[in-house]
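One structure is given below, encoded as structure tokens.
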Amino acid sequence: MATTSTLAAGEERMLIGGELRTARSGRTFEVLNPATEEVIGVVADAGPEDLDDAVVSARRAFDETDWSTNCELRVRGLRQLQAAFTAHADELRTMTVAETGSPVSFTYSAQLDAPVEGLGWVATLAEEYQWETDLGDASPMGIPSHRWIRREATGVVGAITPWNVPHQINLAKLGPALAAGNTVVLKPAPDTPWCATALGRLVAEETDIPPGVVNIVPSSEHSVGALLSGDPRVDQISFTGSTATGRLVMVSAADSLKKVFLELGGKSAFVILDDADLRGACATAAFTVCTHAGQGCAITTRLLVPRAQFDEAVESTAKVLSKLPAADPTDPGTICGPLISARQRERVEGYLSLARDEGGTVVAGGGRPEGLDRGYFVEPTLLVGLSNSSRVAQEEIFGPMLVVIPHDGDDDAVALANESTYGLSGSVWSADRHRAVGVADRIRTGTIGINGGLWFSPDMPFGGYKQSGVGRESGVAGFEEYLETKSIAEPA
């Protein structure tokens, strides 16, 4: 295990078979800063031949080494990786803000520090996990037998990750997959390859994780991810991204009937009941939708408020939004930075136009902020006048856009919240805890917060109902996504 003093000059290379290398074709692609639109560097552009090398390396490392059975080595490697991330936190923070456009304040939580902390949690889980369960003796069909259950790694995992919180999702997949004994081929989003290649450099230079166990293939082509999900040598696909792409991943994986984990889109509801602290709840809803410019699958983008308090809720929310402008992400006080790309800004602006076509009214925001001539910024936006069935209220936008919709009591609020093809997250606010929990229990989502409670944590399963995904990430449930169960019997 070597130690490096800097991540500079290594982030452009991919990790395959323990080697930090360029693409076989020699191609690279540019990395842009979303806040300035400037090219900040290049990264190796993997093609099908590089992906093949990565899969071969991962397959060999799983089939021909003791990685899958050597829990002590796995735990040591994960703790070394956590220590490496911690030692390079300042460099990674600067890199992450430059590449993602995320406000620097967010790197002290979900964008960097929280997932690094999660590596320690999953390492401890692997140490303490009950890999075998003795079921004792029985006589099935009259044959005296001693039975036990063994849990084993799935094999080669193909991980395909998005751009919004790259460290968090890369590590949420890599950590449990490695802890369970799998080898991994990671295909990061084209918009944020540096976060993944920095991970690869730390694995190669600062851990005892053997060559081939972790392979990282950044590519400008989404087709490389499609090849990964369809490759019969890959035993499992773990994908986070849009629901539309998730469907394609599932179809691609079907030919080899590999295991599939999907964490997909959301259009979550923030439900305020008539006895809640209206101003406090509205302030939280406004703050949430501005976080990282609304670029989060679990962000609550439908604000459901009692009809009798609608005008007050709109006024209160708009006032808070006006104090959370889109701004420079390197400023510690910024909450809403830029969108990731020109393409994403066009998408958000397209929904603003659609909102007006659907009869909506912009109460706050609705344009590009003055004084920010460069960067992919849009103003935090509040919309009213749209029905819950409108496209803007039903489709995932991934921008700082909040729709306020009136409800007529608890039953109606639940019905509106559930009127969605998604079921990823949500929030319920009430002065009566019993009432709030009762409403939360009826909302069909994988995660939900009550009165500001935060479910995001390494030990909490994360995933969705309906078209928000299949399976769970994080927690024991997320760890077990990467395991197979073997039932064994011998004569008693």
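Given (1) closer than 16 Å to A269 by Cβ; (2) among the charged types (D, E, K, R); (3) touching an Asp or Glu at 6+ places or on another chain (Cβ under 9 Å), identify the lone condition not met by R435.
(1)
In this structure, does S487 turn out to be in a strand (DSSP E or B) and buried (at least 16 other Cβ atoms within 10 Å of the Cβ)?
No, not satisfied.
Of all residues in region 220-242, which are of a type in the set (S, T, N, Q) and either surrounded by fewer than 21 Cβ atoms within 10 Å (Cβ to Cβ) or farther than 20 Å from A298 by Cβ (or both)?
Answer for region 220-242, where residues must be of a type in the set (S, T, N, Q) and either surrounded by fewer than 21 Cβ atoms within 10 Å (Cβ to Cβ) or farther than 20 Å from A298 by Cβ (or both): S220, S223, S229, Q236, S242.
Can you pull out every residue in region 317-344 that is touching a residue at least 12 places away in the same chain (Cβ under 8 Å), under 22 Å from M95 (Cα atoms) and not in a loop (DSSP other than H, G, I, E, B)?
Hits for region 317-344 are A326, C336, A342, Q344.
Would you mention how many residues in region 92-131 are of a type in the set (D, E) and in contact with a strand residue (DSSP E or B) (Cβ under 9 Å, 6 or more places away or on another chain)?
Total meeting the criteria: 1.
Counting only residues that are out of contact with any Cys (no Cβ under 8 Å at 6 or more places or on another chain), more than 22 Å from T240 (Cα to Cα) and modelled with pLDDT of 95 or more, give me the strands (runs of 3 or more DSSP E) lying completely in region 63-175 with at least 3 of them.
By residue number, 132-138, 145-153.
Out of curiosity, is Q309 in contact with a Ser or Thr (Cβ under 7 Å, 6 or more places away or on another chain) and either in contact (Cβ under 8 Å) with a residue 12 or more places away in the chain or under 22 Å from H407 (Cα atoms) (or both)?
Working: in contact with a Ser or Thr (Cβ under 7 Å, 6 or more places away or on another chain): no; either in contact (Cβ under 8 Å) with a residue 12 or more places away in the chain or under 22 Å from H407 (Cα atoms) (or both): yes.
Here the answer is no, as Q309 does not meet what is asked.
Suppose we filter region 347-375 for residues that are out of contact with any Ser or Thr (no Cβ under 8 Å at 6 or more places or on another chain), under 19 Å from E37 (Cβ atoms) and either free of Cβ contacts under 8 Å to residues at least 40 places away in the same chain or of a type in the set (K, R) (or both); how many remain?
Residues meeting the conditions: 7.
Give the residues of region 348-364 that are in a helix (DSSP H, G or I) and either open to solvent by less than 40 Å² (accessible area, probe 1.4 Å) or farther than 27 Å from A283 by Cβ (or both), sorted by residue number.
Scanning region 348-364 gives V348, G350, Y351, L352, S353, L354, A355, D357.
Of the residues I149, I169, which single one is surrounded by fewer than 24 Cβ atoms within 10 Å (Cβ to Cβ) and touching a Ser or Thr at 6+ places or on another chain (Cβ under 6 Å)? If you could, list the steps in order and put the result at the bottom.
Numbers: I169 fails: surrounded by fewer than 24 Cβ atoms within 10 Å (Cβ to Cβ).
It is I149.
Here's the yes/no breakdown for (1) in contact (Cβ under 8 Å) with a residue 24 or more places away in the chain; (2) at negative phi; (3) among the acidic types (D, E); (4) open to solvent by less than 50 Å² (accessible area, probe 1.4 Å):
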site: F377; (1), (2), (3), (4): yes, yes, no, yes
site: Q394; (1), (2), (3), (4): yes, yes, no, yes
site: G399; (1), (2), (3), (4): yes, yes, no, yes
site: D410; (1), (2), (3), (4): yes, yes, yes, yes
site: A417; (1), (2), (3), (4): yes, yes, no, yes
site: D432; (1), (2), (3), (4): yes, yes, yes, no
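Against the definition (touching a Cys at 6+ places or on another chain (Cβ under 8 Å) and over 20 Å from V249 (Cβ atoms)), how does P406 come out, yes or no?
no
Which pairs turn up if I take residues in region 112-133 that are closer than 19 Å to E480 by Cβ and look for partners that are open to solvent by 20 Å² or more (accessible area, probe 1.4 Å) and aliphatic (A, V, I, L, M) with beta carbon separation below 6 Å, at least 6 apart in sequence or on another chain?
Cβ pairs passing all conditions: T133/I149.
Among D275, D311, which is the only one that is among the acidic types (D, E), part of a loop (DSSP other than H, G, I, E, B), open to solvent by 20 Å² or more (accessible area, probe 1.4 Å) and at negative phi?
One residue alone meets the criteria, D275.
Checking S256 against (1) hydroxyl-bearing (S, T, Y); (2) part of a helix (DSSP H, G or I); (3) open to solvent by 10 Å² or more (accessible area, probe 1.4 Å); (4) in contact (Cβ under 8 Å) with a residue 24 or more places away in the chain, which single condition isn't satisfied?
The failed condition is (2).
Filter region 181-212 down to the residues that are assigned to a helix (DSSP H, G or I) and not small (G, A, S) and list them by number.
Correct list: P193, W194, C195, T197, L199, R201, L202, V203, E205, E206.
Of the residues in region 65-114, how many are open to solvent by 10 Å² or more (accessible area, probe 1.4 Å), acidic (D, E) and under 23 Å from the mean Cα position of the chain (by Cα)?
Residues that pass the stated criteria total 3.
The values are calculated or read from the model by the stated rules, or taken from the named source; none is laboratory data. All values reported here derive from a predicted model rather than from experimental measurement. Cβ coordinates were reconstructed from backbone atoms using ideal geometry, including for glycine residues, and neighbour counts include every protein chain displayed. With ligands, DNA and RNA removed, areas are computed over all heavy atoms of the protein, side chains included. Shrake-Rupley method; radii C 1.70, N 1.55, O 1.52, S 1.80 Å.
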